[in-house]
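Right, one structure below, let's go through it.
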Amino acid sequence: AGGGGGAGSSAAELIWRAGPYVVVWKGEGVAISDDDDAAAGDGGGKAGGATSSKGARSGKGAKQSGSSGRQRGGGSQTVIAWAAELLGGAWEPASSLDPSIAGLVLLTRAGIEAPSAHGSYAMIVAPRVVAATAVQEEAGSSADSVQALWEPLGLYGGMEDEDGARLVQEGPSGHFGRLGLVEVVAELSRPSGGGHGKGQAAAAPSSAPSPLPAVCALQELGFGIVRLQPGSKTSHRHALEMPEQGGDGQEEVQPGTCVCVVAIQVPQVARSHPCLAGKAKIDSAGIVRVPVPKKFNTLLTSERSLAEQRSRSSGGGVVEFRGMSLLVPEEQLRPRPSSGSLVDAAVQVLWSVNGGASASRILDLGVGSGALLLAMLRELGDACSGHGVDIDEAAVRTCLANARHVLGETGASRVGAVLADFTRLADAEVRGQLAKEGYDIVVCNPPYRSEQQQAAYDRSTGRFGGNTEHAKTLVAGETGLEMYEGVAACLAHDFAHCMADRRKDAEPVLKRGGTLIFQVEAGMRGATGGMAKVVGAAVERASGGRLVMRGTHVDERGLERAILIQHAEQGQTSDLPLAGGPNASSDE
C-alpha cells in the first residue's frame, strides 16, 4: 500500500510514537473520528469530497493516488478508536484528513494542547510551458533545458530555512512532455490563521488546511497538477488531466488529484521524549515520513514509456513494427507494440485449429498502414493471403505500398485492399471485392475511445496527446463500443444470410470454423480492469447471440489483449487455444 498502509482490517498503522504524541498512517476511506465519519456521510464536501468535523477539506485527491485503499464501511474503526484500542487511553487529532484521503495523521493524548503540525505533500506536476506537441522533442531534451523547466519551483516559499518545494523525480511524459514528482511543505494543522509561503494565498483558520493552497501556488508558478479522472462506465481506465484548480469558490482539490501527505514535523517537545516506538525514525529536523505512494512512481514510469514509444514512432513517418519498417502517414494510427498480440493470437489459432497456416485467408478490418495484416502474412508464409478493409483511401494506398516494400512485388500479390466501411461487409458491392470462400481469421483493432474519453484526453494533453492521428482512428462514438457492435452485427447478418441461401458457394465472410479476433484494452485475466468481458458481452448482444466470445489472448505480461470470437452455431472449436497455454485463457 502507498505510504505504508496497515495490514488486515486496521484503520491505521503506527508509524512513530513519543509519549503523548503519535504519528499514524490513515488508510483511504477511513475516518479519523466519529464526527468526521458523520460529516462524510452527510455528503457535505464540494467537488466530490467530504467535509471533516472541523471544516477541513482535502478532497478525494489521494483516492486515486496509490494510498492504502481500505474502504470505510459499516463497522470499520475510526483512527481514534483504533488508537484507544491499540495504545490505550483517550486520543485527539492534532491534524485531520478527510476520510477519502490517505496519509499521515498526528494524534495527541486528550488534554494535551494540539500544536501546529507542519509537513509535506507529494504531488505529480507538469510544467505548463511544455506543449503537448513538443512531446518528442522534450523527451530528448538536454539536461540544461530540462533543469530550466523546473527552476520556478525555487520560488515556492517554505517554513523557516527549509526549501518549500523539492523535485524528487522527473522524466519525459507521453501526455505532458515532462512530468515530475514534487514534494511541497505546508501546514497540515493550524490552530490559528497563517500563510503558506511565497505566492500562496492564506487560508481561513482551520485545523486541517486543504492541499488546495499548495496546488494554487504551484499553478501560479506555471505548473499543472495532474489529476486522474475515472473512465466511463464502459472503460476501467483513468484519463489524465491537468485542470486549473482554485476557482469558483472551490475549497478542496478536485477528486483524483495526485496528492498525498508524506511527512509530518512533530512538536519540539516530543523529539527528545524518552518513550519512543514505531516503525519510522525521526530525523534531525523532527520529521517523520513515509514513502511516496507506489502508484505515483508507477505513473511516472508508464508516462516515460509512452513518451519513448511516441519518440520512436515520430521519425519521418516510418514506424518499426515486428521487424518491419512501415510508412505511416501522420494522420493514420501508428501501430503500437501491444497490437502485436493480435498477430500472436492469429498465428496461434491457425496452428492450433488447422494444424498449420497453409492456404489460410486473413481479413484485417481497419487495415490502416497494413501493419497487422503484413506481419501475419510475413510470419505465416507464402501460402497465406489476405485482404484489408479501410474507409480511408490514403490508408488503402499506404497498405498496398507497404505490402510491396515488406513482401516484394511477388508477395504483394497475396494482399488486397478494399475501400469500404468495415461495418458494411455484407453489402453486395463490398462483399464482391472479398474472397467468396470467406476468411479463416478476421482481425480488428477498431477505434475504441468514447467521445467523453477523447474530450478529457484533449483537455489534458492537447489534441491527441501531441500525436496527429485522425479522430476517426481513435474515437468510436458515445460509448466507445460502436465499432465492436457494428462489426458483430454485420458478420452475424452475413452468416445468417449465407445459411438461409444454402448455396454451396455461399461462404460467410467469417467462415464456418473461423475466428474473429478483437483487440481490447488490457486487463489482468479479468481480475483487474480490462475490457474483455465488456466487449465480449457487447459483441454477443449486437449479433443477437449468433457470435460468442470463446476466450481471451494473454500477452507475455499476463495482460488480456484480445478476445476470440466464433459463430455460436458451430460450437466451440475443441482445438482453439483457450486454456492450458501461456497465451490464452478460457472465458468459461
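The calculated FRET efficiency for residue 302 paired with residue 110, based on their beta-carbon distance and R0 = 45 Å, is about 0.50. Amide H contacts of residue 223: 128, each under 5 Å away and 5 or more positions distant or on a separate chain (H built 1.01 Å from N in the peptide plane; Pro and chain starts excluded). Dipole orientation for segment 245-310: of the candidates 253, 306, 292, 292 has the Cα lying most toward the positive pole (charges on Cβ; Lys, Arg +1; Asp, Glu -1). Can you tell me the FRET efficiency between residue 87 and residue 281 if r is taken as the Cβ-Cβ distance and R0 is 22 Å, rounded to the nearest 0.05? E(calc), rounded to 0.05, equals 0.70. Please give me the summed charge of the neighbours of residue 86: other residues whose Cβ is under 15 Å from its Cβ, Lys and Arg +1, Asp and Glu -1. With Lys, Arg at +1 and Asp, Glu at -1, the neighbours total +2. Each peptide in 361-371, 249-259 gets a packing score, the mean of other Cβ atoms within 10 Å over its residues, and the list from highest to lowest is 361-371, 249-259. Per-residue extension of 0.36 nm, minus the Cα-Cα distance of residue 351 and residue 410, leaves a gain of 18.8 nm for this segment.
Extension gain for residue 145-residue 428 works out to 96.0 nm (0.36 nm per residue, less the C-alpha to C-alpha distance). Between residue 320 and residue 167, the C-beta separation translates, for a Förster distance of 30 Å, into a calculated FRET efficiency of about 0.35.
Amide hydrogen proximity for residue 259: with H placed 1.01 Å from N in the peptide plane, the residues at 5 or more positions away or on another chain lying under 5 Å are 62.
Here's how it looks for residue 168: its modeled amide H is under 5 Å from those of 181, 182, 183, which are all 5 or more places away or on a different chain. Across segment 24-33, computed HN-Hα scalar couplings (Karplus, 6.51 cos²θ - 1.76 cosθ + 1.60, θ = phi - 60°) run 10, 9, 8, x, 4, x, 10, 7, 6, 9 Hz from first to last residue, x flagging Gly and Pro. All other residues whose Cβ lies under 13 angstrom from that of residue 281 are scored, Lys and Arg at +1 and Asp and Glu at -1, for a net of +3. Taken one residue at a time, the phi angles of segment 13-19 give Karplus couplings (6.51, -1.76, 1.60, θ = phi - 60°) of 10, 5, 9, 7, 9, 9, x Hz. Gly and Pro are set to x.
The protection proxy used here, the mean number of other Cβ atoms lying within 10 Å of each residue, ranks peptides 321-327, 389-395, 424-430, 221-227 as follows, highest first: 221-227, 389-395, 321-327, 424-430. Between residue 383 and residue 272, the simple spin-label model (points 7 angstrom out along Cα→Cβ) gives 8.7 nm.
Pairwise Cα distances in segment 298-442 exceed 28 Å for 20 percent of all pairs.
Each reported figure results from applying straightforward, stated rules to the coordinates on display, with no laboratory input. Predicted model only: the values in this text are computed from it and were never measured. Ideal geometry is used to build each Cβ from the backbone, glycine not excepted, and the neighbour counts take in all protein chains shown.
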